[in-house]
Amino acid sequence: MSPEFLWYIPNTVEPGHRGDDTTSGWGSIEYSTDLARTAEQHGWGGALLGTGWGRPDTFTVATALAARTTTFKPLIAIRPGYWHPANFAGAAATLDQLSRGRVLVNIVSGLDNPAAYGDTTVEPPERYARTQEFLYLLRRLWTEEDVTFHGEHFRVTGSTVAPRPYATDGRPHPTLYFGGASEAAERVSAAEADVQLFWGEPLDGIAERVDRLKTMSEQVGRRHKPLEFGLRITTLVRDTTEEAWRAAEEKVAKMAAGKGAATWTGNRRKAVGQQRLFDLAERGEVLDTCLYTTPGKVGGGGAATTWLVGSPDDVAEALNGYRKLGITHFVLSDTPYKPEVARIGDQLLHRLRERAG
């Protein structure tokens, strides 16, 4: 299987996301299109589009970007509770047809600002049960006619989606990505996701989780093709190892001074996966060959909690270590987004593809 290499488009109206010093254009179609086209030009398959209440609607942005690019695949982050599965199934199938099979979907269960859009399901067990129903129903709506389903969270009767997704050999519908490190989250992935996304843990932690998810897939009676695995992480790349670490330390110093701290919403600091990343700093400042844990101590969160730092060969070798564990989907980024999508695309992607070959 050929690996998938995606970038990240923050999709926010506020400048300064993760220390990006771009001051204008945030939230505009021109800015997001520029990032998408630059990603396309520098070898990326597409990009994850950030989501959250109070930000541009992710699906709308994805539609606009698909219309302004030719090969770019938007990985559209969406939340059950914000979308009903039948509404989303129809919208995504339509965009998939219009874009000739370029839609990817990232299902997010974590809290955002649910009260703002009328979502009353906030407790983790309920949210994960709802997400599993959402994924189950999406697959059926994309591949069956006259679907009837009466679940705990969703109901449809005699539902047929038209048009169907743009099906190709081996791809009956858009790929479904899902993340989460709790047992409840992993059970959802094992049963219904196509790709389990991990954040930047050391190799031993990822290996443990891959093994656990494979075992869990058998325990839950997975009905689909084998679960695939992905990595979402920050990659700080410079021409030499020394330059990269100097740049990393400068960035961390700015974050510590309050100039680049991450913005947090909902309960993300309490999430199991996030806590696993914060705990890594206790094992050391640098893990494996070049996994930098200090950013999480000075304001970094999510995919910016840990960074892979080094020369193109350093980072390519580190990512190849994850590939050997079964990771085939990579969602990478660094800031400022515009120059780094070109730099990392040009310096890193051909090395990763050569190693994968």
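Ordering Gly273, Ala184, Ala86 by the projection of their Cα atoms onto the charge dipole of the chain, which places +1 on the Cβ of Lys and Arg and -1 on the Cβ of Asp and Glu, puts Ala86 at the extreme positive end. Remark: the Glu249-Lys214 segment gains 8.8 nm on full extension, using 0.36 nm per residue and subtracting the alpha carbon distance. D by Stokes-Einstein for the chain, Kirkwood Rh over Cα pairs, 25 °C, 0.890 mPa s: 119 µm²/s.
The simple Förster model, with R0 at 25 Å and r as the Cβ-Cβ distance, assigns Asp57 and Ala162 a FRET efficiency of 0.60. Taking N as the residue count of the range 85-124, its C-alpha radius of gyration divided by 2.2 N^0.38 Å amounts to 1.51. Helix 85-98 and the long axis of the chain differ in direction by around 70°, with both axes built from C-alpha atoms.
Our estimate of slack between Asp313 and Arg353, defined as 0.36 nm per intervening residue step minus the Cα-Cα distance, is 13.2 nm.
Taken about its Cα centre, the range 91-235 carries a charge dipole of roughly 420 debye when the Cβ of each Lys and Arg holds +1 and the Cβ of each Asp and Glu holds -1.
What would the Debye formula give as log10 I(q)/I(0) at q = 0.15, 0.18 Å⁻¹ for the alpha-carbon point model of the range 316-357, no solvent? Here the Debye-derived log intensity ratios amount to -0.37, -0.52. Arranged from fewest to most other beta-carbon atoms within 10 Å of their beta carbon, Leu349, Leu277, Leu308 become Leu349, Leu277, Leu308. Under a model in which nothing but the beta-carbon of Lys, Arg (+1) and Asp, Glu (-1) is charged, the chain shows a dipole of about 460 debye around its Cα centre.
Full extension of the chain segment joining Leu98 with Tyr117 gains 4.0 nm, where the gain is 0.36 nm per residue of separation less the Cα-Cα distance. The count of lysine pairs in the chain that are at least 8 places apart or cross chains, and whose C-alpha atoms lie under 18 Å apart, stands at 9. Scan the chain and hand back the longest stretch that contains none of the GluC sites (Glu not before Pro) lying in DSSP loops with at most 15 other Cβ atoms within 10 Å. That gives 1-143 as the longest site-free run.
Rule-based calculations on the coordinates, nothing more; no lab input. Remember, it's a predicted structure, so these values are computed and weren't measured experimentally. So basically every Cβ, Gly included, is an ideal-geometry build from the backbone, and we count neighbours across all protein chains shown.
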